[in-house]
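What follows draws every value from the coordinates through simple rules; no lab data is involved. Everything numeric here is computed off the predicted structure, so don't read it as measured data. Neighbour counts run over all protein chains shown; Cβ positions are idealised from the backbone, glycine included.
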Amino acid sequence: MRDAWSPRPDHTDLASTTGRYPLIVDTLIIGSRRSIGQEFPLGTSKCSPEFRADAVTLYHLSPSGTYASVAKDLGVNHETLRTWVRDAERAARPGAVEATAMEKENRQLRARVKEFEFEREILRRAAKYFAAETSW
């Protein structure tokens, strides 16, 4: 059993073993952080933005490839690849930066409104309690 830091086979061997991505893997994945054989312990996986972009491109260029098959070939989790693809598609839409900033601000404002409503309810109950207690 190999430890988390032992080298993995290079991803360029993938093209010769699977035959699924003969040219794409050689041109897209070379130079990425994962292709040089680094593995990271659980919870500390940090892939470079170039690797993420290459993985998304590889997924889009494989017509019959699923998230699971492409992710397995790249050595990442299929849910991670799905998240990268979704984020890339969201960022590619016009006005995506403004929309995400507005969504973030809306979430923060909704949380503050919820907090204020909770505080108001506490004050209302306290006022009701003290009004009943001090009836002279």
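Calculate how large, on average over all directions, the projected area of the Cα convex hull of the stretch 65-136 is; give the answer in nm² to one decimal. Numbers along the way, then the final one.
Details: hull surface 33.3 nm².
If I average the Cα hull's projected area over directions, I get 8.3 nm².
Tally Lys and Arg at +1 and Asp and Glu at -1 over the other residues with C-beta under 13 Å from the C-beta of Q108: what net charge comes out?
Charge balance near Q108 sits at +2.
Please give the length that would be gained between K46 and N106 if that part of the chain were fully extended, namely 0.36 nm times their separation in residues minus their C-alpha to C-alpha distance (nm, one decimal). Show your work: numbers first, answer last.
Values: separation 60, 0.36 × 60 = 21.60 nm, distance 2.94 nm.
Extra length from K46 to N106 when fully extended: 18.7 nm.
Which of the lysines could a cross-linker bridge to K114, judged by Cα under 24 Å and excluding same-chain residues fewer than eight apart?
Counting by Cα, and skipping residues close in sequence, K114 has these lysines nearby: K104, K128.
Along Cα→Cβ, 7 Å out, is where each label goes; now give me the distance between the ones at K72 and I122 in nm to one decimal.
Each label point is offset 7 Å from its Cα along the Cβ direction, giving 5.3 nm.
Compute the length gained on full extension between K114 and T83: take 0.36 nm times their separation in residues and subtract their Cα-Cα distance, giving the result in nm to one decimal. Don't skip to the answer; put the middle values down first.
Details: separation 31, 0.36 × 31 = 11.16 nm, distance 2.93 nm.
The span from K114 to T83 would gain 8.2 nm if fully extended.
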